[in-house]
Structures are given as C-alpha cells and as structure tokens.
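Data first, discussion second: the structure below is written as structure tokens.
The values are calculated or read from the model by the stated rules, or taken from the named source; none is laboratory data. None of the values given here were measured: they were computed from a predicted structure. Backbone-built Cβ (ideal geometry, glycine too); neighbour counts: all protein chains shown. Surface areas here come from the heavy atoms of the whole protein model, side chains and all, with no ligands, DNA or RNA. Shrake-Rupley method; radii C 1.70, N 1.55, O 1.52, S 1.80 Å.
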Amino acid sequence: MLNYDRSLSLGFEEYSSIKKDGYAVKDVSYISPYGGKVPAYLVVPDTDGPLPAVVFMHPGQGSRSTFLLEAESLASKGIVSLLIAAPAMRSQPPKDLSEEEQFNLMIKTITAVSQYAQTVVDIQRGIDLLCSFENIDSNRLAYIGHSLGATWGGVLAGVEKRIQSYVLMAGFSSVSEWHKTSEHPLAALIRTALPKQPFQKFISELEPLDAVHYINKAAPASLFFQFAYDDEFVPKHQADTFYSAASLPKKISWYKTDHLFTNCRLAYQERTQWMIKQLRRND
C-alpha cells in the first residue's frame, strides 16, 4: 500500500500566487498516485536557492491552512514550505445529507484504511515535487506533522529516507490499539457503529500501518516528539511507546496544553528553533 511509481507525472499546477513581504504563497496541486489531485500551499521566499524545505501535515481537525502562519514565518528565514491537504479533507460532503447519512459517511471515512496509506504516499509525492524544483536543496528537507500528521509521519519516517528531521506532535504509536481500547467517545462510537466482523477487518487492515512498526527505522533522521499533558485523544502510554520505539537521535518534550496545542507558544518556539538548527546542520 505504501509503494508507488516515482516515474509517474507529477502533474504540478499553480492556480494563484499572493505576493507578501519577502515571500509568496502559492495555491498549487499535484497528482496523487492513488488518483486525483493533492491540494497544497507552497510558500516560497524571495531568495536565491538552493533553499531548505519543510513539509507540513495538519491534524485531523485541521486543513492545509493550519500551519500557514508558521510556514510564512519560516519563509522570512529563507525556508520553503509545502502544506498538504490530507485525503479525507479534499472534498465536501453533499449538503442535503440526512443526519443518518452524515453519520454513516463519517464512519466510512474514518475506517477507510486506504486513505491513511494514501496520506503517506501523497507526502512522499510532495517530496518528489520539492526535489524537482531547482531552488530546493534536497539535502535539507524536514517534516512537521500534528496528530494525523504525526501519526502517519511516524510511518513516513520508516519508509522515506530523503527527510533529515521530523517534528511529530501528539501522534499515535498505534491507531489500531486506540480504536480497540480507548474510552474516548469517538473510539467508542466507532466500536458501537460497526458490527463485529467489519470492525475486526478494519483493525486487521489498520494494524500493519501502526507507526510503532516504522518509527524504529527512521535513522539517520533526527526526531523531535511533542506531546500534551492534557491530550484528550493520545494517552500517555501511547506517547511513551512512540518515543521509546523510535530510533536515535531523538528528543521529547511535554507541554501543559491540549491535543490541539491551543495557545501553546512554547511548543511553537521550540519546534521552530529545533527545526532551523537541524536544517542549518545539514547546510
């Protein structure tokens, strides 16, 4: 599920470009090996290359805009950013759906394992895109992912060797374990909504994609884990397992905040400083 043909056409398109003070924010897309287009923002400094680049993946509650302010700040430091929309966030459901139809669509979306594999592949395809640009230094690539972005970023770290540094915020070491055991209302709702056999099929397909099977293969990339003390989704044992299983070099920090890192400026400052240091180390 994580294999794809890198010789496929990228199908890169630029729809608009907004010039700002020292950089541009471009609305772009490229073709997913799974089919369809991957919407993204490309934030490019007005600086001669080759430049380092960061790929961002938002949380499940977010969108490609989630990290846009962070990417614009990095642009002022001469760093390119690619901000990708996850597969589940690429289309709006019909507005005339009944409550039951909306519920069934939500369950179908959450339990579609192929979209999680597609998330990993589409990020790799985004790296292919960055490496195709003459102004990008392919030896200075980094990744920042939050929740969904951190969980599948953990898988990415085990299969993608072009990224030198990862920041993984509030990710799951085992999504399958969370679905089986978590008391969070969403996990309980899915267990209740699915009959036993479809639920077991969902878990059996999901378990091989748990990040814990991949994060131990991230070396030589450096890893920075950020977790929240008041995380309503990720329990401490999942965070501890994620970090313990990870290959070296690695670092972990905990913050007094919630799953979305609401108003947690310290976490932002620390990942930005760490990321810039990593990118300069590879200069």
In the chain, what percentage of the DSSP-assigned beta bridges are antiparallel, given to the nearest 5? 40 percent
For segment 66-76, take each phi angle, set θ = phi - 60°, evaluate the Karplus expression 6.51 cos²θ - 1.76 cosθ + 1.60, and give the result in whole Hz per residue in order, putting x for glycine and proline. 3, 9, 5, 4, 5, 5, 5, 5, 5, 4, 5
Build a GNM of the chain with springs between Cα atoms under 10 Å: which of A211, A245, A86 gets the top mean-square fluctuation? A245
Would you check the accessible area of H184, probe 1.4 Å, heavy atoms only, in square angstrom rounded to 10? 40 Å²
State in Å² the accessible area per residue of segment 61-178; use a 1.4 Å probe, count heavy atoms of protein chains only, and round to the nearest integer. 36 Å²
Under the Karplus relation 6.51 cos²θ - 1.76 cosθ + 1.60, θ = phi - 60°, what is the ordered set of whole-Hz ³J(HN,Hα) values for segment 212-225, x standing for Gly and Pro? 4, 7, 10, 5, 6, 10, 6, 4, x, 4, 8, 10, 10, 9
Taking Cα atoms, how many degrees apart are the long axis of helix 265-281 and the longest axis of the chain, rounded to 10 and kept between 0 and 90? 50 degrees
Checked segment 183-283 against the a/c 1.5 cut and the a/b vs b/c comparison, axes a ≥ b ≥ c from its Cα gyration tensor; verdict oblate
Between Y166, Y143, Y34, find the one with the highest GNM mean-square fluctuation for the chain; connect C-alpha pairs within less than 10 Å. Y34
How far is helix 236-245 tilted off the main Cα axis of the chain, in degrees rounded to 10, range 0 to 90? 50 degrees
Of K180/K201; K108/K196; K217/K250; K161/K217; K217/K277, which sit over 19 Å apart, Cα to Cα? K217/K277
Could you do me a favour and compute the accessible area per residue for segment 183-283, 1.4 Å probe, result in Å²? 55 Å²
Amide H proximity to S173 below 5 Å, modelled H, separation 5+ or other chain, gives F242
Can you give me the % of accessible surface on the chain that is carbon or sulfur? Probe 1.4 Å, all protein chains present, nothing else counted. 52 percent
Check: C-alpha center segment 142-170 vs C-alpha center segment 80-131, spacing in Å is 17 Å
What GluC sites (Glu not before Pro) in segment 172-236 are in a loop by DSSP, with at most 15 other Cβ atoms within 10 Å of the Cβ? E183, E232
At 0.36 nm per residue, minus the direct Cα-Cα distance, what do Q200 and A219 gain on full extension? Give it in nm, one decimal, please. 3.6 nm
Sparsely packed trypsin sites (Lys or Arg not before Pro) within segment 60-99, loop by DSSP, other Cβ within 10 Å at most 10: K95
Can you tell me which of D96, D27, D210 moves the most in a GNM of the chain? Springs connect C-alpha atoms under 10 Å apart. D96
Can you give me the long-range amide H partners of Y255? Hydrogens built in the peptide plane at 1.01 Å from N, cutoff under 5 Å, separation of 5 or more residues or another chain. F227, A228, Y229
